[in-house]
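Report on one structure; see the data block that follows.
Since every read-out is calculated from the coordinates, none of them should be taken as a lab result. Keep in mind it's a predicted model, so treat the numbers as computed, not measured.
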Amino acid sequence: MYCKEMAQKLLVEFMNLKNILINDGERNWIRGVLSIIEKLRISIDSQGVESASYCKDACDTWRLMYGGNGSFSDYHLWHDDYNERVKRNIPLDSIKSNIAKILDRVEK
């Protein structure tokens, strides 16, 4: 997948993720997500090596945020009611899955 195409697809997912985090009142992970969004936008607006460099930086930032215990991979939207909690986390889980699929295509 070409860098700009990947950056555009990732940008859609990270914008959706940003909206979920803002609506949940999240104040920690949002900083990393905003950094990734900025890098993806620069990648889309740039050419050649600069575009690829910012795209790689955005992907590396996500991998650092998402790996290991206590990372964003553990993040979920809380609700006291279990069924409501499951329902609220469906869009979040879908975004995480979509990001993983996009990144997996690049690594193959």
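Before moving on, here are some points about what is shown:
- Computed lengthening from residue 105 to residue 24, 0.36 nm per intervening residue step minus Cα-Cα distance: 26.2 nm
- Inter-part distance, region 1-32 to region 54-108, computed on C-alpha centroids, equals 10 Å.
- Spatially proximal aspartates and glutamates relative to residue 96 (Cα-Cα < 14 Å; intrachain offsets below 8 disregarded): 13, 74, 104
- The length gained by stretching the chain between residue 98 and residue 31 to full extension, at 0.36 nm per residue less their Cα-Cα distance, is 22.1 nm.
- Percent RCO, i.e. relative contact order, over the chain, from Cα pairs under 8 Å lying at least 6 residues apart: 30 percent
- Within straight-line reach of residue 101, meaning a Cα separation under 21 Å, sit the following lysines at least 8 residues removed in sequence or on another chain: 4, 9, 18, 39, 56.
- Answer label for percent of Cα pairs over 20 Å apart (calculated), chosen among (i) 53; (ii) 42; (iii) 38: (iii)
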